[in-house]
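To start, the structure itself, in structure tokens.
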Amino acid sequence: MIRCLMLNWYSIIQKFFGVNIMSRCKACDKIMSDNELLRRDNITNDWAELCTICMGESDDAALETAEEWLNKRERSTALY
């Protein structure tokens, strides 16, 4: 519902003012699509501000970091 309202709001502004609302990815500087503009982070609920490709890379890096942390924790508890 909110997503539809946001897309409608963008189209109203574009038609009324004759300007395009655009934002760029914070990582690669690519112009983001409407769907990418509306994406929110699952944990913080902040606007993601990353394109689809960069968001995927960010998620992969976060998973690798979490796996490394868990592996270190398992090794340290195995010694006791």
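Here are the numbers for the structure shown:
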item	result
Cβ pairs under 7 Å, 6+ apart, first in the stretch 47-74 and within 23 Å of ILE31 (Cβ to Cβ), second outside any helix (DSSP H, G or I) and of a type in the set (Asp, Glu)	ALA48/ASP41
Residue match in the stretch 40-52 (condition: among the hydroxyl-bearing types (Ser, Thr, Tyr), farther than 23 Å from SER23 by Cα and surrounded by 10 or more Cβ atoms within 10 Å (Cβ to Cβ))	no
Filtered residues of the stretch 34-80 (kept if more than 13 Å from the chain's Cα centre (by Cα) and among the aromatic types (Phe, Trp, Tyr))	TRP69, TYR80
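Where a number appears in this text, it was derived from the coordinates with a stated rule and is not lab data. Since the model is a prediction, treat every value here as computed from it, not as a measurement. We place every Cβ from the backbone using ideal geometry, glycine too, and count neighbours over all the protein chains shown.
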